[in-house]
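Reading through the structure tokens given below for one structure.
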Amino acid sequence: MYKKTIVLSILLVIIVLSGCNSEDDNRIVRKDSDENITKINKQTHIEQAITNKAKEIIQSKSEVTGVRGVNTNKDLLLAIEVTQIEQFNEQNLEDEVAKSLEKNYPDLTIEVSSDKKIFIELNELELKIQEDKVNKKELEDQFNKIKKLMNEQA
């Protein structure tokens, strides 16, 4: 009798505690599009107006939750984050984004990636540009390194 009472008490406590568990549910919630799309300040020594404009164009796509990018005189590299559902269509979305940007910037070579590593690398380079911690030569070197990394993973 005593053992039954203890077992039932323990089960009751476990049931109550598991019912009070306040974990977030697994529904996909789209962040406000301004949260994860950065723009580089116009007062830096390295002009990034093309990248900022391209980010505005990409921002209109509901599937994209984040954008990072850097441009040089001839090239534009962009990394996008997509919603969890759209991860199965990343390649199609990359192509769609690239085509829409090529219409606006026919003179530039545009490369778009949805790879998380590229996103992180471009984010770090954006921060360096924003904080004026990189000169044009270093920008070209890091830009080419990221471009090479994008081509290797393709």
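Laboratory data are not the source of any read-out in this text; all were calculated from the coordinates shown. Nothing here was measured: the structure is a model prediction, and the numbers come from that model. Using ideal geometry, Cβ is built from the backbone for each residue, glycine included, and neighbour counts are taken over all protein chains shown.
Limited to the stretch 96-114, what total is found for residues that are surrounded by fewer than 17 Cβ atoms within 10 Å (Cβ to Cβ), under 20 Å from the mean Cα position of the chain (by Cα) and more than 16 Å from Thr51 (Cβ to Cβ)?
Total meeting the criteria: 2.
Pairs, please: C-beta under 7 Å, at least 6 apart or cross-chain, first residue free of Cβ contacts under 8 Å to residues at least 12 places away in the same chain and in the stretch 98-112, second in a strand (DSSP E or B)?
Glu102/Ile110
Can you pull out the residues in the stretch 126-137 that are surrounded by 14 or more Cβ atoms within 10 Å (Cβ to Cβ) and either closer than 10 Å to Ile46 by Cβ or small (Gly, Ala, Ser) (or both)? Don't jump to the end; show me each part of the working.
Filtering the stretch 126-137 for residues surrounded by 14 or more Cβ atoms within 10 Å (Cβ to Cβ) gives 126-130, 134.
Selection gives Lys128, Ile129, Gln130, Val134.
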